[in-house]
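Notes for the one structure printed next.
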Amino acid sequence: MSGETNYNSWTKTGLIQRVKELEGQLKRRSSEAAHSVAVAAADDETPADGVRETKKPKGPHAKRKMDPWRYSSRFIALKLAYLGKNYGGFEFQAMGNQPSIEEELWNALTKACLIFPQDERVVQFECCEYSKCGRTDRGVSAFGQVVGLRVRSNRPLAKRRAKTREDSDPGDAARQEGDTITQEDATAVAGKEDNGGREEPQRQEKDGEEEGGEGEEQDVPFDDLKDELCYPRILNRLLPDDIRILAWCPSPPKDFSARFSCRERQYRYFFTQPAFMPDPTTTAAKSPGGEQVLQSGWLDIEAMRDAAKRFEGDHDFRNFCKIDPAKQITNFRRRIFESDIVQVEDASSVLPFLQNKGYSSSVPAPASAGPYPKVYYFHVRGSAFLWHQIRHMVAILFLVGQRLESPAVVSELLDTDKNPCRPSYVMADEVPLVLWDCIFPDLTAREEEEQQGDDDKHHRHRRTDCMNWIYVGDEHPPNKFGQFGVMESTWRLWRGHKMDELLSAQLLDKISQQGQQQMSPTGDTAQHRGGDDRRADKKAGGASERIFEGGNGGRLGGRYVPVMKKELLQSAEEQNDRYARRKGYADAADMRAQRYGDARGEGEEEE
């Protein structure tokens, strides 16, 4: 590299490799300097007519790289899943403390030579027509993320026919026979596929199509399943176990974009019932309206379901998102197709003590309720979402579930004419959130959809994905169920977490039966507490409320302040104007007009 190098877009692996290269150069320079001194000393001692040959130290062996011009390429879509807890989000961030999903994907793609960037240490997806569907934040998982990109293909290149001896020099014909690319082709490719000044070293043949004509042979028959590279298997062998390629689509629709072709995104936010550890030493109190408050840690699922249903339809969600003034968003209307609270059957370990008096919910559970804890998830389907929208929606649902708020608070916050500023409530934790699926319907039916307008029944109907997904194992079952298959690797990952869950559950149950608060045969809690503890409880007087925000426990938040009485943030318009003036513009409209060419601010952000 010549000149000053910008390392901001380098992967961590690339930076480490660069450091090793520089260290190697220093060692070689030191070795060469010592070698030169030794040679000079030997020359002084060697007679004038004597000749002594010396060997220079060899540098490290350079890895042989694949020639991209010898391979065809094709545009495909990949469906991948990942557990986001150990990652700093999906998008690559050069200054991030944690690796990103895109960085791991980039490392696997370049190591497998499926893409050919100018420098594989620099993360720049422009070389492969890359697009992504969802941009999940730090800690958020995805089980149906989709990306589109151009990769190396196993499809044979169409060969040029040798010119006849009458039309060309015999020597030229001999040299040209069997060639797969000419200098003219290379020049044409470099000129045609230039992306922002970067040459894309991909072969001119895309998806088996030659731009030539009469002088080429017919394409060799090629089967997308039997003859093509098995992209999921190749990448899964290089990716970490918590990132898996689930499927690939060999023929995405024309002009496919993983972001803009997606018409429905599905999210799930998981939580347990009870949400956090109940305290058997406290008793359920009465709310100001006379309604009995649930035992600490338990949630009112029916109230949450009532609140969730209020999200359905076309609403302005500015009070359920985080506003980024740099984006200058002014359109906060989003359509929610479906919103509900759903129970997950047989999804967790059983803790028998949760059914004992003192730990159980204050509201009598039906006989068919079964053992606890139970697992639920907030299910939501929509066309697009604002930044942190799901986590803000869930935060309000948890307040409703704890009976700290009424389900009507959702309707209040959706009424932006009455409440244009968002109250400063805390959004929910990121780890339980999952981008469950991304749907790509047939866009040819878009006109028919628009003609039907805002028909609720139509929008509630589940859309059909038109992508021809080839899932792992469809082409070769051992890739799914074999010793090195995706099921085996995911099983090992699951069992490690399951054993942690099992042991911690057994420990928790054992601790609940020990000490001075043992359970009586009737299920009552035997209290043996000192006077200081009782006075502390009396002094507290219920002033501090434990608030559940989706994490592993409840947060002590002091005396609870209702959402609609909390401090209000600035409105979206005020935040946009303040940011624009700080950047030297008259206001937000002036900034959008100069930067984007219009004053609409219709951009989108996603969870």
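Under the condition of being over 22 Å from residue 77 (Cα atoms) and modelled with pLDDT of 50 or more, the residues counted in the range 131-166 number 5. When residues in the range 543-553 are screened for being at pLDDT 90 or above and surrounded by 17 or more Cβ atoms within 10 Å (Cβ to Cβ), 4 of them pass. Restricting the first member to the range 64-78 and to residues that are more than 21 Å from residue 250 (Cβ to Cβ), and the second to residues that are of a type in the set (Phe, Trp, Tyr), the beta-carbon pairs closer than 8 Å and six or more apart or on different chains are 66/116. Among the residues of the range 311-322, just one is buried (at least 21 other Cβ atoms within 10 Å of the Cβ) and either more than 24 Å from residue 402 (Cβ to Cβ) or basic (Lys, Arg) (or both), namely 318.
Taking residues in the range 500-519 that are modelled with pLDDT of 85 or more, and partners anywhere that are part of a loop (DSSP other than H, G, I, E, B) and hydrophobic (A, V, I, L, M, F, W, C), the pairs with Cβ atoms closer than 7 Å and at least 6 places apart or on different chains are 505/351; 508/351; 509/351. Would you mind finding the one in 64, 152 that is more than 30 Å from residue 23 (Cα to Cα) and of a type in the set (D, E, K, R)? Criteria check complete, one pass: 152. Could you tell me whether the range 377-392 includes any residue that is at pLDDT 95 or above and more than 28 Å from the chain's Cα centre (by Cα)? No. Taken over the range 103-130, the criterion of being closer than 21 Å to residue 74 by Cβ and either within 12 Å of the chain's Cα centre (by Cα) or of a type in the set (Gly, Ala, Ser) (or both) is satisfied by 105, 108, 112.
Say we look at the range 404-446 and pick out the residues that are hydroxyl-bearing (Ser, Thr, Tyr) and surrounded by fewer than 16 Cβ atoms within 10 Å (Cβ to Cβ); which of these is farthest from the chain's Cα centre (by Cα)? Walk me through it before giving the result.
Start the filter on the range 404-446 by keeping residues that are hydroxyl-bearing (Ser, Thr, Tyr), which leaves 406, 411, 416, 424-425, 444.
When the remaining residues are screened for being surrounded by fewer than 16 Cβ atoms within 10 Å (Cβ to Cβ), the result is 411, 424, 444.
Details: 411: 30, 424: 27, 444: 28 Å.
That would be 411.
Based on what the data block shows, is residue 342 over 21 Å from residue 407 (Cβ atoms), modelled with pLDDT of 90 or more, surrounded by fewer than 17 Cβ atoms within 10 Å (Cβ to Cβ) and within 26 Å of the chain's Cα centre (by Cα)?
Numbers: over 21 Å from residue 407 (Cβ atoms): no; modelled with pLDDT of 90 or more: yes; surrounded by fewer than 17 Cβ atoms within 10 Å (Cβ to Cβ): yes; within 26 Å of the chain's Cα centre (by Cα): yes.
For residue 342, the condition - over 21 Å from residue 407 (Cβ atoms), modelled with pLDDT of 90 or more, surrounded by fewer than 17 Cβ atoms within 10 Å (Cβ to Cβ) and within 26 Å of the chain's Cα centre (by Cα) - is not met.
For the range 118-130, check the following and say yes or no: at least one residue is of a type in the set (Ser, Thr, Tyr) and surrounded by 21 or more Cβ atoms within 10 Å (Cβ to Cβ). No, that holds for no residue. With the checklist (1) at pLDDT 90 or above; (2) among the hydrophobic types (A, V, I, L, M, F, W, C); (3) in contact with a Lys or Arg (Cβ under 9 Å, 6 or more places away or on another chain) in hand, flag the one item residue 561 doesn't pass. It fails just one condition, (3).
Looking at the range 313-331 only, could you name the residues that are touching a His at 6+ places or on another chain (Cβ under 9 Å) and at negative phi? Matches in the range 313-331: 314, 317, 319, 320, 321, 322. Looking across the range 476-491, the residues that are closer than 11 Å to residue 233 by Cα and touching a residue at least 40 places away in the same chain (Cβ under 8 Å) come down to 476, 479, 484, 486.
Looking only at the range 210-254, filter to residues that are of a type in the set (Asp, Glu), at pLDDT 85 or above and out of contact with any Ser or Thr (no Cβ under 8 Å at 6 or more places or on another chain); which one of those is surrounded by the most Cβ atoms within 10 Å (Cβ to Cβ)? Give the steps one after another, and end with the answer.
Initial filter on the range 210-254 (of a type in the set (Asp, Glu)): 210-211, 214, 216-217, 219, 223-224, 227-228, 241-242.
Imposing the further condition that a residue be at pLDDT 85 or above reduces the set to 223, 227-228, 241-242.
Then keep just the ones that are out of contact with any Ser or Thr (no Cβ under 8 Å at 6 or more places or on another chain); that gives 223, 227, 242.
Working: 223: 8, 227: 13, 242: 18.
Result: 242.
Being under 30 Å from residue 384 (Cα atoms), modelled with pLDDT of 95 or more, of a type outside the set (Ser, Thr, Tyr) and in the same structural domain as residue 245 (by TED's automatic domain parsing), is that true of even one residue in the range 184-196?
Step one: of the range 184-196, the residues under 30 Å from residue 384 (Cα atoms) are 195-196.
After this cut, where a residue has to be modelled with pLDDT of 95 or more as well, the list is none.
Among the residues of the range 184-196, not one is under 30 Å from residue 384 (Cα atoms), modelled with pLDDT of 95 or more, of a type outside the set (Ser, Thr, Tyr) and in the same structural domain as residue 245 (by TED's automatic domain parsing), which makes the answer no.
Which residues, taken from the range 269-297, are more than 35 Å from the chain's Cα centre (by Cα) and either on the phi > 0 side of the Ramachandran plot or modelled with pLDDT of 90 or more (or both)? The one that is more than 35 Å from the chain's Cα centre (by Cα) and either on the phi > 0 side of the Ramachandran plot or modelled with pLDDT of 90 or more (or both): 290.
The values are calculated or read from the model by the stated rules, or taken from the named source; none is laboratory data. The shown structure was predicted, so the numbers you read here are calculated from the model rather than taken from an experiment. Because the Cβ atoms are built from the backbone with ideal geometry, glycine has one as well, and the counts that use them run over all protein chains shown.
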